[in-house]
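Data first, discussion second: the structure below is written as structure tokens.
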Amino acid sequence: MSQVLIIIDLIEDIIGEQGLSNSSAAETKTRDIINKSNKTAQYARAHQIPVIWVKVGFSDDYHDIPAGSPMFKNAQKLGALKLSGSGCQWVKGLDVQPQDHIFIKKGVSAFTSNKLDQWLKQHNCQHLVIGGVSSLMAIQSTARLAHDLGYQVTVLEDLCAAANEELHRQSMQALQGMATISCSTEWQQS
């Protein structure tokens, strides 16, 4: 079964210290998510496992936000998550390589308004290994939809963060039964 590593929303507006929508920034730093994500991506590349980075982002006029979303309407008010702005750049220190794959999403799930599902099927990727932020939003949404689309899902909980440790823990508990909850070192040893 072909695996793929998918890391979500490690961008300045979401986890940067000056980000406009950065409720997970402190926990991302505390949990050392950038360093662990880089090491895990390096391992994946060395073992010919595709690495996919997914980030949310919108047009300058926000015509492409989900129309009924209070969360993204708030991002619009803040001027956050503009693809043309510095807030949608990968956070400093993130090791995105030219051979990696990048997808832009227009919602919470990594699958929203892009061709990620199509790419995964074309490349026979059946086991999604997921990390990123936030545990409560993007990770839960992506893992649940991946489950429903028929993928085997592993969430590397040490590559995830939420606004606080309790929300992260609850998110991981909520995904049991839909995904295997593991950590990067265990996954690398499997």
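Throughout, read-outs are computed from the coordinates displayed, never taken from laboratory work. Note that the structure is a prediction, hence the values are computed from the model and not measured. All Cβ positions, glycine included, derive from the backbone under ideal geometry; neighbour counts span all protein chains shown.
Worth a mention:
- Label point distance in nm, Gln97-Tyr43, each placed 7 Å from Cα along Cα→Cβ: 1.5 nm
- For the residue pairs Lys77/Lys115; Lys29/Lys77; Lys55/Lys92; Lys55/Lys82; Lys82/Lys106; Lys39/Lys92, alpha carbon separations beyond 20 Å are given by Lys77/Lys115; Lys29/Lys77.
- Euclidean distance between Cα centres, the stretch 10-66 to the stretch 103-128, Å: 16 Å
- With respect to the chain, whose longest principal axis is taken over its alpha-carbon atoms, helix 165-175 is tilted by about 60°.
- Computed from label points 7 Å out along Cα-Cβ, the spacing between Ala67 and Lys121 is 2.6 nm.
- Stretch gain in nm, segment Gln176-Asn74, where the contour uses 0.36 nm per residue and the Cα spacing is subtracted: 33.7 nm
- Among the listed options (1) -0.56, -0.64, -1.35; (2) -0.43, -0.51, -1.39; (3) -0.51, -0.60, -1.28, the one matching log10 I(q)/I(0) by the Debye sum over Cα atoms at q = 0.11, 0.12, 0.19 Å⁻¹ as calculated from these coordinates is (2).
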